[in-house]
1. Step through the residues of the range 85-94 one at a time and calculate ³J(HN,Hα) from phi using the Karplus curve (6.51 cos²θ - 1.76 cosθ + 1.60, θ = phi - 60°), rounding each to whole Hz and writing x for Gly and Pro.
2. Name the residues whose placed amide hydrogens come within less than 5 Å of the amide hydrogen of Asn161, ignoring near sequence neighbours (fewer than 5 apart) on the same chain.
3. May I ask you to list the lysines whose Cα is less than 23 Å away from that of Lys145, ignoring any residue fewer than eight positions away on the same chain?
4. Test of understanding: what is the full-extension gain from Met134 to Gln159, defined as 0.36 nm times their sequence separation minus their Cα-Cα distance?
5. Projected onto the charge dipole of the range 13-156 (+1 at Lys/Arg Cβ, -1 at Asp/Glu Cβ, origin at the Cα centre), which of Val33, Val44, Ser79 gives the Cα projection farthest towards the positive end?
6. Shape of the range 16-76 from its Cα gyration tensor (a ≥ b ≥ c, root eigenvalues): rounded if a/c is under 1.5, otherwise prolate when a/b > b/c, or oblate?
Amino acid sequence: MKFFFLLFISVLFLACSSDEVTKRAIAYNDAIVTEQNNIVARIVDMSNALSNPNLSEMYRIKIIDQCDKSIGLVSKMESFEGDLAMRDAALDLFRFYREIAANDFKVILEIYALPELGESDYRRLYELEEEISMREELFDLGLKKAQKGFSDKYNLTLQRNEQQDLVEGN
């Protein structure tokens, strides 16, 4: 099963100025990106284990645990020079991930655990995946906008997050 999860863009260390503010801005961005990567890695684990109901359920619980950990860590991050937009957008996305792991993924795993899947089961899986993707797009867009504003403000160059390849290959 393929889940469509968009990822943050990592900062490329090509900032012309290597002053302390730029270094701190890169570290701030990367700390948030790392937490999202940690969550997405658990989602990929669960997705790869769908044929094994016990294993996939274990990974679903790990997603929730990782979301709680990441939300806790990012919540403790102070504003960056008074700016909370990127942090708060990331928290919204992480809370969304937690919600779908607790609810939508549970339903998905219950369907996959059935002895035999019928047409209505496949239709329901498709509907759930589409709904998740549509809802996630709003949170992802908010975060992308906040990260773009942050990178523009601190003259950072963004690059594709390597974790994206894992998600798209899933």
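1. 4, 5, 4, 5, 5, 5, 4, 4, 5, 5
2. It is Ser10, by chain and number.
3. Lys23, Lys76, Lys153
4. Roughly 6.6 nm would be gained on extension.
5. Of the options given, the answer is Ser79.
6. It is oblate, given that a/c is not under 1.5 and a/b is not larger than b/c.
Values in this text are rule-based calculations from the coordinates and carry no lab data. Treat the numbers as computed from the prediction; the structure is a model and nothing was measured. Virtual Cβ from ideal backbone geometry, glycine too; neighbours counted across all protein chains shown.
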